[in-house]
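The next block holds one structure in the form of structure tokens; read it before the comments.
The values are calculated or read from the model by the stated rules, or taken from the named source; none is laboratory data. Since this is a predicted model, take the numbers as computed values, not measurements. Counting neighbours? That spans all protein chains shown, and the Cβs are built from the backbone with ideal geometry, glycine included. Ligands, DNA and RNA are stripped out before the accessible areas are found, and what is left, the full protein with its side chains, is counted by its heavy atoms. Shrake-Rupley method; radii C 1.70, N 1.55, O 1.52, S 1.80 Å.
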Amino acid sequence: MLRSLPKLSLLFSSARNPRYLTNAQRFTSQGRRPTSRVKIGAATTLSILSKSTSIISSAIASETAAQDQIQQIKLLTSTDDNYGGVTVELDHPMDSSEFIQVLRASVSHWRQLGKKGVWIKLPIHLAGLVEALVKEGFWYHHAEPNYLMLVYWIPDSPSTIPANATHRVGIGSFVMNEKQEVLVVQENSGLFKGTGIWKFPTGVVDQGEDICVAAVREVKEETGVDSEFVEVLAFRQSHNSFFEKSDLFFVCMLRPLSFNIQTQRFEILDAQWMPFEEYAAQPFVQKSELLKYINDTCLAKMGGQYSGFCPVSTSSNFSDQKNYLYLNAGTLKSSYSS
């Protein structure tokens, strides 16, 4: 039969229990060390001695301090992504040592929630926190003019965080007038500077810009000629072309709407309308297998024996914005009528 066990709570109750504290203080003030006995069967007795007040107070203080410390450390504000990870956009300045404490507490919290990837967008004015993040295991993902994106993978499994953008997109514009003259330029900078080579107007597609729009823009910027997009004739993929990135280059056919040339002198040395045969006869063009294929494609298009890919405005479930699907519209229409 159990007797005199109320003080057993001194060992096993929460330190937040006021009854527990009252009992401990009452027994101590009386100068007694409370003893409880448990009789087991007829011959065995088990003595349970309560802890002294100093030990109890120390335990209470330690527990309280630990809980207060946890409550005082704020977590980083984050938003969940669609792949089981979180994204953090930092903005307010923070001391590096303080930031490390908050970061560690946040990662621990996300780990308990079963999160995977952590993306931290660090604006340029907080670049001083880069070292702290790297020391905690974060690595660079990509950079833009006004921020750096760092990432971290929480689980022990291999990371599935996608790599940074792997391709740059470029265009070359094949523009021909009614005289079968092609619009060509000589560059004032870059690889072809000083070579005397005549080439199609080319350029890089800007972020958020459609291929068909970029082709028209580049022609206007380099030569002053207005044009309208007709179709994509072909495209080429290459690798390790620009800071180890891959490259997609689209050969586009455009129809001229004006013919007066106004050369942009910053990038272009000269521009002109040149007979296609003369352009194709250049030694540089003749020695290039790629350019010979492009020229054959252009000639086949001029002869009505080739159809490229026209832009068709579409919508999708992934974006509210309109986008373009490039397809062979003529062949598609023929398949509908057959």
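A few comments on the model shown:
- Scanning the range 189-221 for residues that are hydrophobic (A, V, I, L, M, F, W, C), in a loop (DSSP other than H, G, I, E, B) and under 16 Å from M253 (Cβ atoms) returns a single hit, F200.
- Of the residues making up the range 76-94, those that are open to solvent by 80 Å² or more (accessible area, probe 1.4 Å) and either of a type in the set (G, A, S) or closer than 17 Å to L122 by Cβ (or both) are T77, T79, E89, D91, H92, P93.
- Q186 touching a residue at least 60 places away in the same chain (Cβ under 8 Å), open to solvent by 70 Å² or more (accessible area, probe 1.4 Å) and of a type outside the set (K, R): no
- Being open to solvent by less than 70 Å² (accessible area, probe 1.4 Å) and more than 30 Å from W119 (Cβ to Cβ) holds for only one residue in V175, V205, V169, and it is V175.
- Some residue of the range 143-158 being in a loop (DSSP other than H, G, I, E, B), buried (at least 16 other Cβ atoms within 10 Å of the Cβ) and not basic (K, R): yes
- W198 vs. criteria more than 30 Å from the chain's Cα centre (by Cα) and of a type outside the set (D, E): yes
- Residue that is charged (D, E, K, R) and at pLDDT below 95, where the choices are E136, E144, E89: E144
- Residue match in the range 242-249 (condition: small (G, A, S), at pLDDT below 95 and not in a loop (DSSP other than H, G, I, E, B)): yes
- Residue match in the range 240-247 (condition: open to solvent by 40 Å² or more (accessible area, probe 1.4 Å), in contact with an Asp or Glu (Cβ under 7 Å, 6 or more places away or on another chain) and polar (S, T, N, Q)): yes
- Residue match in the range 309-330 (condition: open to solvent by 70 Å² or more (accessible area, probe 1.4 Å), under 25 Å from N188 (Cβ atoms) and in a strand (DSSP E or B)): no
- Being touching a residue at least 40 places away in the same chain (Cβ under 8 Å), within 25 Å of K322 (Cβ to Cβ), open to solvent by less than 40 Å² (accessible area, probe 1.4 Å) and not aliphatic (A, V, I, L, M) is a description that does not apply to E222.
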